[in-house]
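Notes for the one structure printed next.
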Amino acid sequence: MARIDWAQLPPDIQRRVERVAGAEVREAHTQTGGFSAGIASRVTFADGQRFFVKAVPTTTQGTFELYAREAEVLRAIPRELPAAHLVGAFTQDDWTVLVIEDVEGLHPERSVSSADTAHVLDAIAALAAVPADRTLPRLSDELADDAHSWSRLVAEGLLETTTPWCVANVDLLRAAAERAPSAVAGDRLLHADLRADNILIDSSGRARLLDWPWAARGAGWEDALLYLLDLRVEDSTANVAPLLDHPAFGRSRTDDHVALLAAVAGSWFEKCRLPAPPGMTTLRDFQRREAIAAVEWIAELSAAAD
């Protein structure tokens, strides 16, 4: 996916970014990765400051709304939490722009044995210790539609588009997914879109969480579970079971985990059949890989419980 380059940002918008930073731009480097085609550049200024600048035009349907939402979320996140915090944000001449702290670091190694994984879970536990801003949506509400995804797949004759295990165990998946809204109910702060490409490990070993448009309120363990799912996408044989004892999982139970995995897997199986949104060409393949990894994990958890 080709990103918009910093040089394509209108001059008036570039000058507005300079006013936010209080210095002229010296150089900008476009960052790859992610799903959207907006500008994502590490920008160095004449006084030595460096910020991460995200920008998207209103014509980029969907992504514009996400950037605007992320600015709202970042304004509400306590400064002590392990995020890349907002420096400034504005909308001008049909562009929404975010100027964010630049984090010097690397994406975590996607391995259960890596020290990076412990750092990520520690950061998630720090989020879960904080009551979420009341303006954030409840994850239980966000999952209300996903909870019925397996019922829709059956009713629409689309179950065969999933996997043979899903076909054989659809009653388990349907019942588990319907429990998801109650399983995730709570008032803790959630990132709600946590993968390795949304995290940087800084020089101190601290995990810093990036890209916040989907932040929500929930029970507090959901980010940890979905991060372990991301590890399983990377390595389907990864033994994540010992990591479930980390404090990030709080008082959650196996049936809570199965409920969330079932709801998101069903939703992803529905969505991955649809055309990709404009500028997000890799999204549908990602969703199918995550859905398959989720149901494979559910199969393991269900077998262990028998």
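Read the figures in this text as sums done on the coordinates, not as results from a lab. It should be emphasised that the depicted structure is a prediction, and the values quoted were computed from it without experimental measurement. With ideal geometry, Cβ positions are generated from the backbone for all residues, glycine too; neighbour counts draw on all protein chains shown.
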For segment 249-263, Karplus couplings with θ = phi - 60° (6.51, -1.76, 1.60), whole Hz, Gly/Pro x: 8, x, 9, 5, 10, 4, 5, 5, 4, 4, 4, 5, 4, 5, 5
Virtual spin-label span in nm between residue 18 and residue 91, 7 Å along Cα→Cβ: 2.6 nm
Whole-number D in µm² s⁻¹ for the chain, Kirkwood Cα-pair radius fed into Stokes-Einstein, 4 °C, 1.567 mPa s: 64 µm²/s
Estimated distance in nm for a label pair at residue 59 and residue 154, the labels positioned 7 Å out from Cα along Cα-to-Cβ: 4.7 nm
Most fluctuating residue given options 40, 192, 155, as computed from a GNM of the chain linking Cα atoms under 10 Å: 155
Computed [θ] at 222 nm, deg cm²/dmol, the chain (DSSP H ≥ 4; -39,500 (n - 2.57); rounded to nearest 500): -12500 deg cm²/dmol
Point-to-point label distance, residue 145-residue 303, nm (Cα→Cβ direction, 7 Å offset): 3.4 nm
Normalised contact order of segment 106-305, rounded percent, pairs of Cα under 8 Å and 6 or more residues apart: 28 percent
Acute angle (nearest 10 degrees) that the helix 222-234 long axis makes with the longest principal axis of the chain, alpha-carbon atoms: 90 degrees
Neighbour-count ranking [beta-carbon atoms within 10 angstrom, fewest first] of 297, 165: 165, 297
Linear extension gain, residue 202 paired with residue 69, 0.36 nm per residue minus alpha-carbon span: 45.3 nm
Extension gain (nm, one decimal) between residue 46 and residue 165, 0.36 nm per residue minus Cα-Cα: 37.1 nm
Spherically averaged projected area of segment 6-102 from its Cα convex hull (nm²): 6.1 nm²
Difference of contour (0.36 nm per residue) and Cα-Cα distance, residue 254 to residue 107: 50.1 nm
